[in-house]
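The values are calculated or read from the model by the stated rules, or taken from the named source; none is laboratory data. No experiment lies behind these values; they were computed from the predicted model shown. Every residue, glycine among them, receives a Cβ derived from its backbone with ideal geometry; neighbour counts consider all protein chains shown.
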Amino acid sequence: MARVEHSPLAGQTMNSPLLISSLIQNADRYFGDVEIVSRRGDGTIHRYGYRDCHTRARRLAAALAKLGLEIGDRIASLGWNNFRHLEAYFAVPGMGMVLNTINPKLHRDQVAYIAGHAEARCVLFDLSFLAQAETIAAQCPQALHFIAMCAPEEMPATTSIANLICYEELIAGATDRFEWPVFDETAASALCYTSGTTGPPKGVLYSHRATMIHSYAEVMPDAFNISSRDTITPVVPMYHANAWGLPYAAALAGAKLVLPGPLMDGKSLYDLIEGEGVTFSAGVPTVWSGLLDHVAANGLSFTHFKRMNIGGSACPTAMMKTFREQYGVDVIHAWGMTEMSPMGTICSLQARHANLPEDERQMLRETQGHPVFGVDMRLLDDQGVELPWDGKTTGNLYVKGAWVIDSYYKDVPGSALREGWLPTGDVVTINPQGYIKITDRSKDIIKSGGEWISSIEVENVSQLHPDVQQAACIGIADQKWGERPLLVVIRRAGSNLEKAALFDFLEGKIAKWWMPDDIVFVDSIEIGPTGKVLKNRLRERFSGQDGPTS
């Protein structure tokens, strides 16, 4: 875009800063009686409304200020998806501090590294994560206050944390008349750290402005399509990329919010979704696999559940079709990154697709979708040359937009951009209408004889076999070709699937030179803290693989 040399005529509209506190104020004023439902670890349910949430968030803000915490301070959290963590989502950024959500499933040393790197002065934690909080207390002297998100009777009898504070006692003694401060909308609101990167996790610092614009975009019909008529369950954890922005989008729309807590097995999810009339949810494929297995095994169905967004990794075609065709639940692919707040593309079908044959519509559903307004994309080769959007040419995806970072926290390792665009690390095709299809992560793509093999495509086809529970395709070193694919498979319970039968199934469904050199059956595949297959661990595990196994 060309820059103008003279300032244009200024508009004559109010200039109200876009601040996260306005979301909970709006929800209180116009949707105060709409429920927020939380399930505790023991299965019991906590209920209250947005007005109650706002009152308690103001109390928390006042209490944190009374502890001596100031604007700009980082407040770490180690929490499940529950009402107290939600209150921190509004209280901490609302008062001008920065909420540093930490993934408690990381190794304790990584948890402490993140809290130390963020210079967190206070730590809010669920009792499930007492051990992680104790590690932070031992290794991070700048963390002065530790608050257990529990009731007085639940406080631990013994702990190495000195002067541990009880959340409920803390806010009980605080005023609910706290006034949200007004400040510049470019101020930092939250600090999330990337997963799966080489080296230490990198900090991604969001602003109020970016988060608010992201929230507006997320509720759009061709994005997450959220309204006050929805009941939303964020299965994606609140410690992962702001739960994909769902807590904020729900407050903006006035939607009922159902928080699942730590119980994420198939039965627990089904009971919560069905019992609370959930219409929409979002999470990674591994969670939905457990739900689908439970529903199928018990002959169940859904009454209100109509759509789910799946991100983190590609949804197997078989799972997508089963949810839609057997249970009436539309599976919508989404793609994004922590660095993108995280929404990038959503695979909603458009009016021009209404009359397409069903097989073509399904091919579109299996892409990661179309960019949401506010995100722009480029497709480049390894030399930085622009590639065509023809749905066939594979290249490196770059993005830019209003909620995309320009650098990592503390500028590690400097600007994240290349000529103003963020390299995503994803290898994709883009069709002429702007729908992207991820063929691999750049670190996972298999380079064989100078050509690229999509590990994701091999996995998706393999998982169409009814006896395959999960499949992961990795590249193994080969003297002649550089790399060749190895398929690692978990059989479904009770199956005696043999590799010859699976090879026969793959025949004709993928290119001959994509055919795995071998298939290995395993009992488990290691999943990372955000629900993604740890392919680096698989490559380490099978690095000595030499020729087909018996």
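Quick look at the values:
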| read-out | value |
| --- | --- |
| Test: residue in region 493-500 that is part of a helix (DSSP H, G or I) and modelled with pLDDT of 90 or more | yes |
| Strands (runs of 3 or more DSSP E) fully within region 394-466 counting 1 or more residues that are of a type in the set (A, V, I, L, M) and modelled with pLDDT of 90 or more | 395-401, 422-430, 436-441 |
| Inter-residue pairs, beta-carbon under 8 Å, first at positive phi and in region 246-269, second in a loop (DSSP other than H, G, I, E, B) and of a type outside the set (A, V, I, L, M, F, W, C), 6+ apart | G254/S228; G261/R40; G261/G41; G261/N81; G261/N82 |
| Number of the exception - I405 against (1) buried (at least 21 other Cβ atoms within 10 Å of the Cβ); (2) closer than 29 Å to D504 by Cα | (2) |
| Options L127, L60; residue that is at pLDDT 95 or above and buried (at least 24 other Cβ atoms within 10 Å of the Cβ) | L60 |
| Evaluation of I490 against (1) under 30 Å from K400 (Cα atoms); (2) in contact with a Ser or Thr (Cβ under 8 Å, 6 or more places away or on another chain); (3) surrounded by fewer than 22 Cβ atoms within 10 Å (Cβ to Cβ) (one fails), failing number | (1) |
| Hey, S348 under 14 Å from M220 (Cα atoms) and of a type in the set (S, T, Y) or not | yes |
| Residue list for region 89-111, restricted to those being at pLDDT below 95 and among the hydrophobic types (A, V, I, L, M, F, W, C) | L106, V111 |
| Verdict on L23 being touching a residue at least 60 places away in the same chain (Cβ under 8 Å), surrounded by 11 or more Cβ atoms within 10 Å (Cβ to Cβ) and of a type in the set (A, V, I, L, M, F, W, C) | yes |
| Residue match in region 147-154 (condition: surrounded by fewer than 23 Cβ atoms within 10 Å (Cβ to Cβ) and within 14 Å of L78 (Cα to Cα)) | yes |
| Cross-chain or 6+ apart pairs with Cβ under 6 Å, region 516-535 first and closer than 21 Å to G283 by Cα, then of a type in the set (K, R) | E526/R537; P529/K105 |
| Whichever residue in region 173-186 is farther than 9 Å from A62 by Cα and in contact (Cβ under 8 Å) with a residue 40 or more places away in the chain and, among such residues, is nearest to the chain's Cα centre (by Cα) | E185 |
| In region 187-226, the residues that are outside any helix (DSSP H, G or I) and either of a type in the set (G, A, S) or free of Cβ contacts under 8 Å to residues at least 12 places away in the same chain (or both) | A187, A188, S189, A190, S195, G196, T197, T198, G199, G203, S207, A223 |
| Sole exception among (1) in contact (Cβ under 8 Å) with a residue 40 or more places away in the chain; (2) outside any loop (DSSP other than H, G, I, E, B) for E168, by number | (1) |
| Qualifying residue in region 112-126 (condition: in contact (Cβ under 8 Å) with a residue 60 or more places away in the chain and within 19 Å of the chain's Cα centre (by Cα)) | yes |
| Residue that is surrounded by the fewest Cβ atoms within 10 Å (Cβ to Cβ) [pool: residues in region 493-515 that are among the charged types (D, E, K, R) and touching a residue at least 12 places away in the same chain (Cβ under 8 Å)] | K509 |
| Where a residue in region 371-382 is over 16 Å from A223 (Cβ atoms) and its partner, wherever it lies, is hydroxyl-bearing (S, T, Y) and part of a loop (DSSP other than H, G, I, E, B), with Cβ under 8 Å and at least six apart | L379/T393 |
| Candidate set from region 239-262 (those that are among the small types (G, A, S) and in a helix (DSSP H, G or I)); member that is surrounded by the fewest Cβ atoms within 10 Å (Cβ to Cβ) | A253 |
| Strands (runs of 3 or more DSSP E) contained entirely in region 289-367, each with at least 1 residues that are under 21 Å from the mean Cα position of the chain (by Cα), under 17 Å from V278 (Cα atoms) and basic (K, R) | 307-310 |
| Scope region 26-70; condition of a type outside the set (K, R), assigned to a helix (DSSP H, G or I) and touching a Phe, Trp or Tyr at 6+ places or on another chain (Cβ under 6 Å); matching residues | A27, D28, F31, Y50, A57, A61, A62 |
| Verdict on G32 being surrounded by fewer than 17 Cβ atoms within 10 Å (Cβ to Cβ) and in contact with a His (Cβ under 9 Å, 6 or more places away or on another chain) | yes |
| Number of positions in region 471-483 that are more than 18 Å from K509 (Cβ to Cβ), within 27 Å of the chain's Cα centre (by Cα) and either in a loop (DSSP other than H, G, I, E, B) or not small (G, A, S) (or both) | 1 |
| Check on E483, within 27 Å of S348 (Cα to Cα) and not aliphatic (A, V, I, L, M) | no |
| Among (1) of a type outside the set (S, T, Y); (2) modelled with pLDDT of 95 or more; (3) over 18 Å from S289 (Cβ atoms) - the single one W514 does not satisfy | (2) |
| Search result, residues across region 368-393 that are among the polar types (S, T, N, Q) and not in a loop (DSSP other than H, G, I, E, B) | none |
| Residue count for region 290-313, restricted to those that are surrounded by 17 or more Cβ atoms within 10 Å (Cβ to Cβ) and either closer than 21 Å to Q362 by Cα or among the basic types (K, R) (or both) | 9 |
| Cross-chain or 6+ apart pairs with Cβ under 6 Å, region 331-348 first and more than 14 Å from G369 (Cα to Cα), then hydrophobic (A, V, I, L, M, F, W, C) and assigned to a strand (DSSP E or B) | T338/C192; T338/V204; E339/V204 |
| Lone unmet requirement of (1) within 30 Å of G266 (Cβ to Cβ); (2) surrounded by fewer than 16 Cβ atoms within 10 Å (Cβ to Cβ); (3) in contact (Cβ under 8 Å) with a residue 12 or more places away in the chain for P316 | (2) |
| Residue check for T13: under 30 Å from G275 (Cα atoms) and without any contact (Cβ under 8 Å) to a residue 40 or more places away in the chain | no |
